[in-house]
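Colleague: Okay, here's the structure, questions in a sec.
The values are calculated or read from the model by the stated rules, or taken from the named source; none is laboratory data. Being a predicted model, the structure only gives us computed values, none of them experimental. Counting neighbours? That spans all protein chains shown, and the Cβs are built from the backbone with ideal geometry, glycine included. Just so you know, the surface numbers come from the protein's heavy atoms only, side chains and all, with ligands and any DNA or RNA stripped out. Shrake-Rupley method; radii C 1.70, N 1.55, O 1.52, S 1.80 Å.
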Amino acid sequence: MNVSDSKTVYWRVEGSLLNLSTVRPVAFFAWNAQTFAERWLRRGAIFLQALLRPLLYAGDRVLATRVVHTMLRGISRDRLDLLGEEYFHYVLKPQLRKRGVEALRAARATGSEVVLVSQGLEHVMRPLAQHLGVERLLANRLEFRDGYATGRLLEPVIRPRGALARLTGSSPDGQRSLEQLLRDLGLESSPESVLAAILPARRQATQASPPTVLFENGRKVDSLSVRKTLAGKQLLLIGVTGFIGKVWLAQVLEHLPEVGRIYLLVRRQKSASAQRRFEKMIEESPLFDPLAAAQGDRLPAYLAEKVEVLEGDAGKPDLGLAPDVLRRLQAEVDVVVNSSGLTDFNPDLRDALAANVEGVLNVVQFVRGCDHAGLLHLSTCYVAGARDGRVPEKLVPNYVPCGLPDFDAEKELRSLWEIIHGAERYSESAELGETLSQQARTRKHAARDLHGTALEHQVRKNRIRWLKTHLTQAGTRRAHELGWPNTYTFTKSLAESLILKRAAGLRVAIVRPAIVETSVTDPFQGWNEGINTSASLSYLLGTYFRQLPSNARKRLDIVPVDTVCRGMTLIAAALVRGVHDPLYQLATSVSNPCDMARSIELTCLAHRRYYRAQNGLEHQFKMRFDAIPVSKERYNRLSAPAQKALIKSLQKITAPFPFLQPPLVRTERGLERVEKLIELFEPFILHNEHDFEAENVEKLSRALPAEERAEFGYDTRSLDWYEYWINVHIPALRRWTYPLIESRPPEARARRSLHPGGEPAASAPGRGEAGEAVKTGTGGTWRYS
């Protein structure tokens, strides 16, 4: 669009569409700054300015405008964008002049290109322009550094109209020629600067462009066609019931019909066969809605053609498969994708080793018996443990964060099982039985009156409880000793070291996602499920909680699940071609960093948008509570720990009044939950400044032919974090995950049927029932119970 041609109409907002002052939007922004202290200080400064403003305005309108906007110094671009949208919708939109709007639309109907011109900030004018269907605007613009306003307006400054403008310049027709506009703005001598300052009406994302130095240490890949490489190939997916596994299956089925067959290893679950579990997943999960819409009535036939469900268990030798099924698979499969695992942070050590280590070793043994299969194993970036700085895509044998010189993964695994067996023997000992029996008789509950068989039954239950607690603590303690934040990352790292040793000579790619979150496009924008890391923390930030102990500079490494799954497909193709690297990290902390300070603010802004649209006093209160990153010392002094200490003091004071105790007890329990949640996630939000390289997968993406990049390209650099947090991620959590946190079901939906009028198909023969110790998880995401 040529903004200087004869068909361009410059439309002055003030007088025709609105009576917009300079001060009121700035005061709105100032009063809604992030902290309470900021709000009062900025409001007070604006009040003091009001005493000088008439003099400044009379002397120099441009200077007066500049001085007013200095009050916005230190406010983030993200906050100004959201508050500008809010100010328009709830303040300015009801004030729009109907005749002025009609005149503007009439001008557009003649084919003229309209440019809105206003003394307001671009953050307020953009939503106005979009509302009116205008594509360009000329408004005041703030200078930003590192995402925060400096308080300085960029040239040219759009000055307010003159003192008599309200009397002489109020007309529905806001049209100006370029010459008239320059004269109104006092910029006759610099038309070029005015034309150069015209902005698009849509918010422009700030693209990440960090300095990058490429060292070609890995394999060089000139070209890689996913369609040609995976056409007719046989894939085995382990962990399809997890978050990542499900999305990857849906992506492959929808975008890669050329694939030969996908085998799914699924455990039987009590009375539900593996086949029935798969069918229920297809029938009930919204994840498969796009696939169902694309296939229509052919969906059952398409699934029967492309998918074969195998009843088995990665926690058992030969994956729990019958011998004939095992031989057939090992002859046919081209790629094994292992996304299974137990992702609780600190589970029973027996469960963690069975799922995250022994199950992986069973998969490696299966692949070794295959004729030509490669292995794609999902781990997590956070096997890096307690270390700071850049984390390269390089596997280190027998890695341990604390730098223990003689650490050996094989010896460590044997030692852990010895701890387990020793604890199991002690749990059955007479010594522990006597201790537990004595505890049961002395506790202040019903067990103190038990005798005989009833007491023995209670002691048996306490033995089981003791063993689980002991082994949970043992796993966590050992993880901390070696430098990992929890048992999950400890056992995942242990598995990597054992793969390096036991999978020697095999084609293996270890894939480490960071924190896997809401989808951007596949299966649709805004898919998430389960209670994961950012869900619990973001939910907390939507309450009255205000002080999150975190390192404001630390990069919160979030990557959308559909981006992860595209990366997995690329890596699977590279495995088939034999052009893979040993390790791929799927992360954003280097390619498109978003630090904790910004993540916290974006989360609170997303909550604000939701609460602002709701009715009720509580929502209006919550809207004004923005969380901030603080030090651990300040958190302990002013937040949950200090509040819990105060509640305990109140409990002692009010002990003579029993009716006051229940609300205090509930409050104390709530604060204890907050403390535990913060303690659980401190390593990921406060400590360990990791920057995960992710060049290997980008190298594969660059090798794709142009026609395949839209469906299979891996791209994190173009992610707009404002758009993602405000319009995608937090709304998705509110839709799919927050109901689970609040113990209520997500939204109801129609259930599709794969067997209209018929019976469910039987699953492929397996060997035995799956053990409860091995839980299918989500690979790189974090689930906790």
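Colleague: Specify which of the listed residues (Ala732, Ala703) is modelled with pLDDT of 90 or more, surrounded by 15 or more Cβ atoms within 10 Å (Cβ to Cβ) and more than 27 Å from Val240 (Cα to Cα).
Modeller: Exactly one of Ala732, Ala703 is modelled with pLDDT of 90 or more, surrounded by 15 or more Cβ atoms within 10 Å (Cβ to Cβ) and more than 27 Å from Val240 (Cα to Cα), namely Ala703.
Colleague: Quick one: which of Val213, Val247 is closer than 30 Å to Gly359 by Cβ, of a type in the set (Val, Ile, Thr) and either modelled with pLDDT of 95 or more or open to solvent by 30 Å² or more (accessible area, probe 1.4 Å) (or both)?
Modeller: After applying the criteria, what remains is Val247.
Colleague: While we're on this one: Which ones in the stretch 501-531 are open to solvent by 10 Å² or more (accessible area, probe 1.4 Å) and acidic (Asp, Glu)?
Modeller: Within the stretch 501-531, Asp522, Glu529 qualify.
Colleague: Across the stretch 481-500, what is the number of residues that are part of a helix (DSSP H, G or I) and farther than 16 Å from Ser415 by Cβ?
Modeller: So the answer is 6.
Colleague: Arg387 is checked against (1) under 24 Å from Val559 (Cα atoms); (2) modelled with pLDDT of 95 or more; (3) not small (Gly, Ala, Ser) and fails just one. What number does that condition carry?
Modeller: It fails just one condition, (2).
Colleague: With the condition kept exactly as written, say whether any residue in the stretch 607-628 is open to solvent by less than 10 Å² (accessible area, probe 1.4 Å), modelled with pLDDT of 95 or more and not aliphatic (A, V, I, L, M).
Modeller: yes
One line per residue, one yes/no per condition, for (1) under 26 Å from Thr472 (Cα atoms); (2) at pLDDT below 95; (3) within 30 Å of the chain's Cα centre (by Cα); (4) surrounded by fewer than 23 Cβ atoms within 10 Å (Cβ to Cβ):
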| site | (1), (2), (3), (4) |
| --- | --- |
| Leu321 | no, no, no, no |
| Leu329 | no, no, no, no |
| Val337 | no, no, yes, no |
| Ala373 | no, no, no, no |
| Leu376 | no, no, yes, no |
| Lys394 | no, no, yes, yes |
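Listed here are the residues, each with its yes/no results for (1) touching a Pro at 6+ places or on another chain (Cβ under 8 Å); (2) basic (Lys, Arg); (3) at pLDDT 90 or above; (4) over 16 Å from Gly84 (Cα atoms).
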{"residue": "Gly111", "(1), (2), (3), (4)": "no, no, no, yes"}
{"residue": "Leu121", "(1), (2), (3), (4)": "yes, no, yes, no"}
{"residue": "Arg126", "(1), (2), (3), (4)": "no, yes, yes, no"}
{"residue": "Asn140", "(1), (2), (3), (4)": "no, no, yes, no"}
{"residue": "Leu154", "(1), (2), (3), (4)": "no, no, yes, yes"}
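Colleague: Could we say that Pro127 is assigned to a loop (DSSP other than H, G, I, E, B) and open to solvent by less than 50 Å² (accessible area, probe 1.4 Å) here?
Modeller: no
Colleague: Here are Cys604, Cys565: which of them is over 13 Å from the mean Cα position of the chain (by Cα), farther than 30 Å from Leu494 by Cβ and of a type outside the set (S, T, N, Q)?
Modeller: Cys604
Colleague: What are the residues in the stretch 412-433 that are free of Cβ contacts under 8 Å to residues at least 12 places away in the same chain and either in contact with a helix residue (DSSP H, G or I) (Cβ under 9 Å, 6 or more places away or on another chain) or open to solvent by less than 80 Å² (accessible area, probe 1.4 Å) (or both), if any?
Modeller: Those that are free of Cβ contacts under 8 Å to residues at least 12 places away in the same chain and either in contact with a helix residue (DSSP H, G or I) (Cβ under 9 Å, 6 or more places away or on another chain) or open to solvent by less than 80 Å² (accessible area, probe 1.4 Å) (or both): Ser415, Gly422, Tyr426, Ser429.
Colleague: Also, quick follow-up: Going by the conditions given, is Ala37 over 29 Å from the mean Cα position of the chain (by Cα) and either within 21 Å of Leu185 (Cβ to Cβ) or not small (Gly, Ala, Ser) (or both)?
Modeller: Against the criterion (over 29 Å from the mean Cα position of the chain (by Cα) and either within 21 Å of Leu185 (Cβ to Cβ) or not small (Gly, Ala, Ser) (or both)), Ala37 does not qualify.
Colleague: Could you go through the stretch 663-675 and let me know if any residue there is among the small types (Gly, Ala, Ser) and part of a loop (DSSP other than H, G, I, E, B).
Modeller: Looking for residues that are among the small types (Gly, Ala, Ser) and part of a loop (DSSP other than H, G, I, E, B), one finds none in the stretch 663-675, hence no.
Colleague: Pairs only if they're at least six apart or on different chains, beta carbon under 9 angstrom, first in the stretch 138-155 and among the basic types (Lys, Arg), second part of a strand (DSSP E or B) and surrounded by fewer than 16 Cβ atoms within 10 Å (Cβ to Cβ); list them, first residue then second.
Modeller: Within 9 Å, the pairs are Arg152/Glu143.
Colleague: Would you tally the residues in the stretch 691-723 being over 28 Å from Lys228 (Cβ atoms) and out of contact with any Cys (no Cβ under 9 Å at 6 or more places or on another chain)?
Modeller: 5
Colleague: Just the residues that are at positive phi and touching a residue at least 40 places away in the same chain (Cβ under 8 Å), please, taken from the stretch 282-325. Can you show your working first?
Modeller: Filtering the stretch 282-325 for residues at positive phi gives 296, 318-320.
Within the stretch 282-325, Asp318, Leu319, Gly320 qualify.
Colleague: Filter the stretch 400-433 for residues that are over 17 Å from Thr472 (Cβ atoms), of a type outside the set (A, V, I, L, M) and over 41 Å from the mean Cα position of the chain (by Cα) and give the result.
Modeller: Within the stretch 400-433, Arg425, Glu428, Ser429, Glu431, Gly433 meet the criteria.
Colleague: Within the stretch 250-274, can you find the residues that are among the polar types (S, T, N, Q), more than 20 Å from Arg566 (Cβ to Cβ) and open to solvent by less than 30 Å² (accessible area, probe 1.4 Å)?
Modeller: The initial filter retains those residues of the stretch 250-274 that are among the polar types (S, T, N, Q), namely 251, 269, 271, 273.
Among the residues that remain, those that are also more than 20 Å from Arg566 (Cβ to Cβ) are: 269, 271, 273.
The answer is Ser273, and nothing else.
Colleague: Identify the single condition in (1) polar (S, T, N, Q); (2) open to solvent by less than 50 Å² (accessible area, probe 1.4 Å); (3) touching a residue at least 40 places away in the same chain (Cβ under 8 Å) that Thr654 does not satisfy, given that it satisfies every other one.
Modeller: So Thr654 meets the others, but not (3).
Colleague: Could you go through the stretch 339-358 and let me know if any residue there is closer than 20 Å to Gly320 by Cα, touching a strand residue (DSSP E or B) at 6+ places or on another chain (Cβ under 6 Å), surrounded by 24 or more Cβ atoms within 10 Å (Cβ to Cβ) and touching a residue at least 24 places away in the same chain (Cβ under 8 Å). Can you show your working first?
Modeller: Step one: list which residues in the stretch 339-358 are closer than 20 Å to Gly320 by Cα, which gives 339-342, 350-358.
Restricting the remaining residues to those that are touching a strand residue (DSSP E or B) at 6+ places or on another chain (Cβ under 6 Å) gives 339-340.
Remaining after also requiring surrounded by 24 or more Cβ atoms within 10 Å (Cβ to Cβ): 339-340.
Checking the rest, the ones that are also touching a residue at least 24 places away in the same chain (Cβ under 8 Å) come to 339-340.
The answer is yes; a qualifying residue exists.
Colleague: Kindly provide the set of residues from the stretch 175-190 that are in contact (Cβ under 8 Å) with a residue 24 or more places away in the chain and either aliphatic (A, V, I, L, M) or surrounded by 13 or more Cβ atoms within 10 Å (Cβ to Cβ) (or both), ordered by number.
Modeller: Residues satisfying the conditions are Gln175, Arg176, Leu178, Leu181, Asp184, Leu185, Gly186, Leu187, Ser190.
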